[in-house]
Amino acid sequence: MIKKEILEIRKQFTPANCAVTRICGCYVDAEKNKKTELKKTFLSLPEEEMFKYFDIFRKTLSGTPGKNLLDMEIPLDQEIPGGTQDFLMKLKASQLNDELLLEEFYDKIIEHYHYGENYYIILIHGAYDIPKRGSDNLDQFDASDDVYDFILCSICPVKLSKAGLCYNTQTNNIEDRMRDWLVEMPDVGFLFPAFNERNTDIHSLLYYSKNADEFQNEFIEQMLGCRIPLPAKGQKNSFNTIIEDTLQEDCSFEAVRNIHDKLTEMMEEKKEEPEPFTLDKAEVKQLLAVNGANPEHLEQFERQYDEYIGEKEEILASNVTNTRKFEVKTPNITIQVNPERTDLLETRMIDGKTYLLIEITDSVEVNGINVRTVERKKGNEN
């Protein structure tokens, strides 16, 4: 799902557009016991509760595609009777009115979701009447042929509010505040089926993780039946390792700077594209080839890419390079440079020692104090 499609579904979680038909929930304690359950028509909830649930639903569809929000294809072997897709399809078709299916759903999450504290499983069913889109790219709300029938699951931590003092309006006193168990924004969630090309795609789902660097692997594999993706941090670390091992002795400051500059340039060219900009194996190989990797090392690259990332997997460019930051580190020094002015840095050998040189074109500050450079001193002496 691209950003526009995700946003289109998020817009249905408002009082004006509400596409939610039914809500179910299960509160689970730290010992994995079901403490209480909820089964209601969504519009029967008090208005204030509805608003708070809307916030949770929208949060489950928030973040960066490719980082917090991941499109996951459901393998063919999970689309057979008894597979994970088959189970989710039955759950969706029931519109959450089948109590046995709901209990099985909760049991599966409790078994495969690892969280050592209390949490609240929220499951909703929704139906969105998809408006046709005219040649002017505007929605025609009175013309629709398709309905997007979906379920959305949000798993929220439940934590005890902080202790403190409060003002009691009834007694007009400052006193100890009552501590409550608060439902927080979700850590994990998923939307099934996916809403790809503005229509139902039963072969995919959208997975949400608050932490883009750590996923619930067993939950993804056993509950959803999907392949475990490489998190953003894992992509970054694997990409860095591949560069170092492929370039080897040619992994110079200039080579790494050129790779950063090229990726930044490519991302700038693609920023208006609806799909997140990704690099496949061939594109990464070409990037390394033009920056000094020799043919022998490129053969090694093929094996490493397959091992660390996956032969047919792609890397999200924003996961491996930061267009707003260029940083050089030694054990004792950290230098941050405007990514558009990396040309101000160079390495040079002087008297047998390697130096990192910074061209000074403007004023220089040290701890907020303007200092005089050598050239400025000479100018003043003259």
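The values are calculated or read from the model by the stated rules, or taken from the named source; none is laboratory data. The shown structure was predicted, so the numbers you read here are calculated from the model rather than taken from an experiment. Virtual Cβ from ideal backbone geometry, glycine too; neighbours counted across all protein chains shown.
Being among the small types (Gly, Ala, Ser), crowded, with 19+ Cβ neighbours inside 10 Å and over 23 Å from the mean Cα position of the chain (by Cα): is that true of ALA282 here?
No; evaluated as a whole, the condition is false for this residue.
Report yes if ASN33 is exposed (fewer than 14 other Cβ atoms within 10 Å of the Cβ), modelled with pLDDT of 95 or more and not hydroxyl-bearing (Ser, Thr, Tyr), otherwise no.
yes
For the range 181-193, how many residues meet the condition of being farther than 30 Å from GLU79 by Cα and either of a type in the set (Val, Ile, Thr) or modelled with pLDDT under 90 (or both)?
1
A quick yes/no check of all residues on (1) without any contact (Cβ under 8 Å) to a residue 24 or more places away in the chain; (2) in the same structural domain as ASP213 (by TED's automatic domain parsing); (3) within 20 Å of ARG257 (Cβ to Cβ):
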| position | (1), (2), (3) |
| --- | --- |
| HIS297 | no, no, yes |
| GLU307 | yes, no, no |
| GLY310 | no, no, no |
| THR342 | no, no, yes |
| LEU345 | no, no, yes |
| ARG348 | yes, no, yes |
| GLU359 | yes, no, yes |
| SER363 | yes, no, no |
| GLY368 | yes, no, no |
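If CYS18 meets every condition in (1) of a type outside the set (Lys, Arg); (2) out of contact with any helix residue (DSSP H, G or I) (no Cβ under 8 Å at 6 or more places or on another chain); (3) under 22 Å from ASP201 (Cα atoms); (4) free of Cβ contacts under 8 Å to residues at least 60 places away in the same chain apart from one, which number is that one?
(2)
Taking the options ALA232, ALA255, name whichever one is of a type in the set (A, V, I, L, M, F, W, C), more than 29 Å from LYS210 (Cα to Cα) and out of contact with any strand residue (DSSP E or B) (no Cβ under 6 Å at 6 or more places or on another chain).
Exactly one residue qualifies, and that residue is ALA255.
I'd like the full set of residues that are closer than 30 Å to ILE2 by Cα, assigned to a loop (DSSP other than H, G, I, E, B) and not hydrophobic (A, V, I, L, M, F, W, C), limited to the range 266-304.
Answer for the range 266-304, where residues must be closer than 30 Å to ILE2 by Cα, assigned to a loop (DSSP other than H, G, I, E, B) and not hydrophobic (A, V, I, L, M, F, W, C): LYS271, GLU272, GLU273, PRO274, GLU275, PRO276, ASP280.
Residue pairs, Cβ under 8 Å, 6 or more apart or interchain, first in the range 187-198 and assigned by TED's automatic domain parsing to the domain that holds LYS90 and polar (S, T, N, Q), second assigned to a strand (DSSP E or B) and surrounded by fewer than 23 Cβ atoms within 10 Å (Cβ to Cβ). List them.
Between residues of the range 187-198 that are assigned by TED's automatic domain parsing to the domain that holds LYS90 and polar (S, T, N, Q) and residues that are assigned to a strand (DSSP E or B) and surrounded by fewer than 23 Cβ atoms within 10 Å (Cβ to Cβ), the close pairs are ASN196/ASP71; ASN196/SER204.
Which residue pairs have Cβ atoms closer than 9 Å, lie 6 or more positions apart in sequence or on different chains, and pair a first residue in the range 258-271 that is within 14 Å of LEU288 (Cβ to Cβ) with a second residue that is exposed (fewer than 15 other Cβ atoms within 10 Å of the Cβ) and aliphatic (A, V, I, L, M)?
Pairs found: ASN258/VAL290; LYS262/VAL290.
Quick check, is THR354 assigned to a strand (DSSP E or B), among the hydroxyl-bearing types (Ser, Thr, Tyr) and out of contact with any helix residue (DSSP H, G or I) (no Cβ under 7 Å at 6 or more places or on another chain)?
So THR354 passes the test.
Which pairs have Cβ atoms under 9 Å, sit 6 or more apart or on different chains, and link a residue in the range 96-118 that is over 15 Å from LYS35 (Cα atoms) to one that is of a type in the set (Asp, Glu) and loosely packed, with under 14 Cβ neighbours inside 10 Å?
The qualifying pairs are GLU111/GLU218; HIS112/GLU218; TYR113/GLU218; HIS114/GLU218.
Which members of the range 3-30 meet the condition of being β-branched (Val, Ile, Thr) and either in contact with a Leu (Cβ under 7 Å, 6 or more places away or on another chain) or not assigned by TED's automatic domain parsing to the domain that holds ASP201 (or both)?
Correct list: ILE6, ILE9, ILE23.
Mind counting the residues in the range 246-265 that are surrounded by fewer than 16 Cβ atoms within 10 Å (Cβ to Cβ) and part of a helix (DSSP H, G or I)?
7
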